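Chemist: Please read through the structure below; I'll follow up with questions.
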Amino acid sequence: QVQLVESGGGLVQAGGSLRLSCAASAMKFTINTMGWYRQAPGKQRELVAGITPGGSANYADSVKDRYTISRDNLQSTVYLQMNSLKPEDTAVYYCYANAVLGTYWGQGTQVTVSS
């Protein structure tokens, strides 16, 4: 079993920044891709960014050039630096980790961007 613990969400004004963290307790399992999805009210969950153990990252078009994903493989932790935030970035952000036995999810952290 892999547990993911997220932190770093909150309320910020448009143009501001936040940094999300997600730590995986998976000492016995190999974790492959980690990343973040988000879900805004009334909308489907969408992929925000993902990163492989080797550091290859992909981003949703809507966040390219504003968000940066990174990871610490030794700590099994993934980070999401979010800059130039917009009101449309408001959502619950979910961390995920693809491990040998399946995909695991964090509990979600709220990000609210005020205009």
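The values are calculated or read from the model by the stated rules, or taken from the named source; none is laboratory data. Here the structure is a predicted model, which means the values were calculated and not measured. All Cβ positions, even for glycine, are placed from backbone atoms using ideal geometry, and neighbour counts span all protein chains on display. Side chains included, ligands, DNA and RNA excluded: accessible areas come from the protein's heavy atoms. Shrake-Rupley method; radii C 1.70, N 1.55, O 1.52, S 1.80 Å.
Chemist: From the C-alpha gyration tensor of the chain, pull out the three semi-axes of the equivalent ellipsoid (sqrt of 5λ each), sorted largest to smallest, in whole Å.
Modeler: 24, 14, 12
Chemist: While we're looking at this one, here's another question. Quick one: with all protein chains in place, what share of the accessible area of the chain is carbon or sulfur, to the nearest percent (1.4 Å probe)?
Modeler: Here it works out to 48 percent.
Chemist: Any idea of residue 103's accessible area? Nearest 10 Å², probe 1.4 Å.
Modeler: Only protein atoms counted, so the area is about 70 Å².
Chemist: How large is the dipole of the stretch 1-87 about the Cα centre if only Lys and Arg carry +1 and Asp and Glu carry -1, each at its Cβ, rounded to the nearest 20 debye?
Modeler: 120
Chemist: Using the Kirkwood radius over Cα pairs, work out the Stokes-Einstein diffusion coefficient for the stretch 40-97 at 4 °C and 1.567 mPa s, in µm²/s as a whole number.
Modeler: Rounded, D is 105 µm²/s.
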